[in-house]
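Asker: Handing you a structure now.
The values are calculated or read from the model by the stated rules, or taken from the named source; none is laboratory data. No experiment lies behind these values; they were computed from the predicted model shown. Every residue, glycine among them, receives a Cβ derived from its backbone with ideal geometry; neighbour counts consider all protein chains shown. These area figures cover heavy atoms from the full protein model, side chains too; ligands, DNA and RNA do not enter into them. Shrake-Rupley method; radii C 1.70, N 1.55, O 1.52, S 1.80 Å.
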Amino acid sequence: MKPTKATITFDNDAKSIELPMLSGTAGNDVIDIRSLGKHGVFTYDPGFMSTAACQSNITFIDGEKGLLHYCGYPIEQLAEHCNFLEVSYLLMHGELPNTAQINDFTGIISSHTMLHDQLSNIFRGFRRDAHPMAVMIGVVGSMSAFYFDAMDVYNPQHRAISAHRLLAKIPTIAAWSYKYNLGQPFMHPKNKLNYAENFIHMMFATPCEEYTPNPVLARAFEKILILHADHEQNASTSTVRLVGSSGANPFASIAAGIASLWGPAHGGANEATLQMLEEIGDVSRIDEFIKRAKDKTDSFRLMGFGHRVYRNMDPRAAIMRKTCHEVLNELGLQDDPMFKLAMELEKIALEDEYFVSRKLYPNVDFYSGIVMRAMGIPNSMFTAIFALARTAGWIAQWSEMNADPEHKIGRPRQLYTGETRREFVPIDKRA
Ligand code: SDX
């Protein structure tokens, strides 16, 4: 029988505290500590290692078994059988769309893919060598100055319109960030192409000649988007929820999520993994870097390895490795030295006691960079593409939060370790 309450007892004469326990449909039960504050104590959990910050029906992860489900569907099946807009619809509505629904949804998204013409000027405020993530944070945030006709976060219609605008425009914004770096003209979306093809077209086409995306690469790219679409309450999603909990508009909330994803410990790891592989350069140097990763005096970590939740192989990494094979075979790059180096590094690390004992396995970022690099996408765009994909999950989670009548502004407390009260000292009396 599942416990229905937890009791906290103290090793002094303080009265014990009884707290209810809550169960979900899967995963860990939780101790409901909302009433704890009135007993004069807080919980302490920097990094939220053991804290459930919300209820959600969207994504379930089993870290021990290496499982990832979107609304109950295993990621392996969705990556194999769905297109990205089907998965986006699933995340936003909780059900896979039927034919009429996906046709209607695709039509809505296609009608929002263009950017307001003035928005193109925002790009021009950046230096040409600005990192695409810096540009995306700026442009997505500035959308609140262009699309403010539907920003009442408590109005479901407004939430839907802003969600559609973000999902539709984020590929255009990401592709234009790249084009701006290159000094090439922006390519407008072509709505006869599907979501993944449209992005690849905006990235690589030029006005000078016809460009047809390679269907095998476009499908591989779409799988990358599906794998990255959502992932429970990770750092960037928690950022979107916390910013959104104040009633901030959807564009400001998603811009904050992009900012959080940029970190090398999070979404920036795919770019950092490629840089690491380029630095290792050859299988003969793998042991040197494994040694550094284990050295506590060295800040170096094996990028693309380890995960806060997965204590098993990240299921996305396995799918990504298979997609890597497909793309390299399609491009005749079977002997790509970077891929061979990555597989050898994975093999050696997974036989090393340090990684095995800490259950450090490849995560989604370990292979994604190799696939994107093989497709001609520069390192600097890897995290921008992660942000493109995760926008679907961020708006689903942001909408779920705003639709919850019980949600409150997020306001954590602290363990105060500073000076206790003391009297002001005039400057001529200070040491
Ligand atoms: C993503 O949360 C999500 O869901 C994120 C994400 C998503 O889809 O949103 O899955 C996307 O961010 C994937 C993770 C990408 N990041 C990286 O690949 C960067 C490298 N990985 C690490 O920085 C680290 O593994 C984290 C940040 C991912 C997780 O760190 P934790 O959970 O805080 O674990 P920890 O730092 O407490 O490490 C536990 C131990 C430590 O050693 P000891 O103190 O026990 O001796 O494992 C070691 C760490 O030093 N360790 C590593 C390591 N990762 C952890 N040692 C070497 N190389 C690594 N990569």
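Asker: Between residue 347 and residue 15, 0.36 nm times their residue separation minus their Cα-Cα distance comes to what?
Answerer: Values: separation 332, 0.36 × 332 = 119.52 nm, distance 5.35 nm.
Full extension of this stretch gives 114.2 nm more.
Asker: Once the other residues with Cβ under 12 Å from the Cβ of residue 294 are scored (Lys, Arg +1; Asp, Glu -1), what is the net sum? Numbers along the way, then the final one.
Answerer: Numbers: positive: 291, 292, 296, 301, 358; negative: 287, 288, 295, 298, 352, 353.
That works out to -1.
Asker: Pop a pseudo-label 7 angstrom from the Cα along the beta-carbon direction at both residue 146 and residue 417 and give the gap in nm to one decimal.
Answerer: With each label point 7 Å from Cα toward Cβ, the separation is 4.5 nm.
Asker: With angles folded into 0 to 90 degrees, how steeply does helix 337-349 sit against the dominant principal axis of the chain? Use alpha carbons for both and round to 10.
Answerer: 30 degrees
Asker: Also, I was wondering about something else. Tell me the angle of helix 364-374 to the major Cα principal axis of the chain, expressed in degrees between 0 and 90 and rounded to the nearest ten.
Answerer: Once rounded, the angle reads 20 degrees.
Asker: Next question, about the same structure. With a 10 Å radius around each residue's Cβ, average the other Cβ atoms per peptide and rank 152-165, 112-125, highest first. Spell out each step's value before the answer.
Answerer: On the way: 152-165: 17.2, 112-125: 14.8.
Peptide ranking by packing, descending: 152-165, 112-125.
Asker: Return one whole number: the accessible area per residue of the stretch 1-67 in Å², for a 1.4 Å probe. Walk me through the numbers on the way to the answer.
Answerer: Working: 5270 Å² over 67 residues.
That works out to 79 Å² per residue.
Asker: What percentage of the solvent-accessible surface of the chain, computed with a 1.4 Å probe over protein heavy atoms, is contributed by carbon and sulfur atoms? Please list the in-between numbers first.
Answerer: Numbers: 11690 of 21860 Å².
Exposed carbon and sulfur together represent 53 percent of the surface.
Asker: What lysines sit close enough to residue 192 to cross-link, taking a C-alpha to C-alpha distance under 18 Å and skipping anything fewer than 8 places away on the same chain?
Answerer: 169
Asker: Continuing with the same structure: So what is the diffusion coefficient of the chain in µm² per second by Stokes-Einstein at 20 °C and 1.002 mPa s, using a Kirkwood Rh over Cα pairs? Mind showing how you got there, number by number?
Answerer: Numbers: Rh = 23.5 Å.
The calculation lands on 91 µm²/s.
Asker: Rounded to whole Å, give me the distance from the Cα center of the stretch 125-184 to that of the stretch 202-272.
Answerer: 11 Å
Asker: For the chain, what does -39500 (n - 2.57) per DSSP helix run (n ≥ 4), summed and divided by total residues, give at 222 nm, in deg cm²/dmol to the nearest 500?
Answerer: Values: 17 runs with 206 residues, N = 431.
That comes out to -15000 deg cm²/dmol.
Asker: Could I ask something else about it? Using a simple charge model, +1 on the beta-carbon of Lys and Arg, -1 on the beta-carbon of Asp and Glu, nothing else, what dipole does the stretch 1-70 show about its Cα centre, in debye to the nearest 20? Spell out each step's value before the answer.
Answerer: Working: 6 positive and 8 negative charges, 42 e Å.
Computed about the Cα centre, the dipole is about 200 debye.
Asker: Not counting ligands, DNA or RNA, and with a 1.4 Å probe, what is residue 206's accessible surface area in Å² rounded to the nearest 10?
Answerer: Here the residue's solvent-accessible area equals roughly 40 Å².
Asker: To the nearest 10 degrees, how steep is helix 195-204 against the longest Cα principal axis of the chain, on a 0 to 90 scale?
Answerer: 70 degrees
Asker: While we're here: Say each of residue 206 and residue 118 gets a label point 7 Å from the Cα, pointing the same way as Cα to Cβ; how far apart are those two points in nm?
Answerer: Placing both labels 7 Å along Cα→Cβ, they lie 3.2 nm apart.
Asker: Can you give the extra length, in nm with one decimal, that the chain gains between residue 356 and residue 155 once fully stretched, where that is 0.36 nm per residue apart less the Cα-Cα distance?
Answerer: Values: separation 201, 0.36 × 201 = 72.36 nm, distance 4.89 nm.
So the chain would gain 67.5 nm between residue 356 and residue 155.
Asker: How much length, in nm to one decimal, is gained on full extension between residue 300 and residue 77, taken as 0.36 nm per residue of separation minus their Cα-Cα distance? Display every interim value, and only then the final one.
Answerer: Working: separation 223, 0.36 × 223 = 80.28 nm, distance 3.54 nm.
Using 0.36 nm per residue and subtracting the Cα-Cα distance, I get 76.7 nm.
Asker: Further, regarding this structure: Keeping all protein chains in place, calculate the accessible area per residue for the stretch 244-325 (probe 1.4 angstrom), answer in Å².
Answerer: On the way: 3460 Å² over 82 residues.
Accessible area per residue, the stretch 244-325: 42 Å².
Asker: Please find the FRET efficiency linking residue 42 to residue 403, where r is the Cβ-Cβ separation and R0 is fixed at 30 Å, and quote it to the nearest 0.05.
Answerer: Values: r = 28 Å, r/R0 = 0.95.
E between residue 42 and residue 403, to the nearest 0.05, is 0.60.
Asker: When you have a sec, figure out the Kirkwood radius of the stretch 1-156 from all distinct Cα pair distances and drop it here in Å to one decimal?
Answerer: Working: mean 1/r = 0.0479 Å⁻¹.
Roughly 20.9 Å, rounded to one decimal.
Asker: Further question: For the stretch 370-431, state which chymotrypsin sites (Phe, Trp or Tyr not before Pro) are in a DSSP loop and have at most 13 other beta carbons lying within 10 Å of their beta carbon. Walk me through the intermediate numbers first.
Answerer: On the way: sites: 382, 386, 394, 398, 416, 424; in loops: 416, 424.
Loop-located and lightly packed - 416, 424.
Asker: Rounded to the nearest Å, what's the spacing between the alpha carbon centres of the stretch 288-352 and the stretch 73-124? Just the number, please.
Answerer: Their Cα centres are 30 Å away from one another.
Asker: Over the chain, what is the mean sequence separation of C-alpha contacts under 8 Å (at least six apart), divided by residue count, expressed as relative contact order in percent? Numbers along the way, then the final one.
Answerer: Details: 577 pairs, mean separation 83.1, N = 431.
Relative contact order here is 19 percent.
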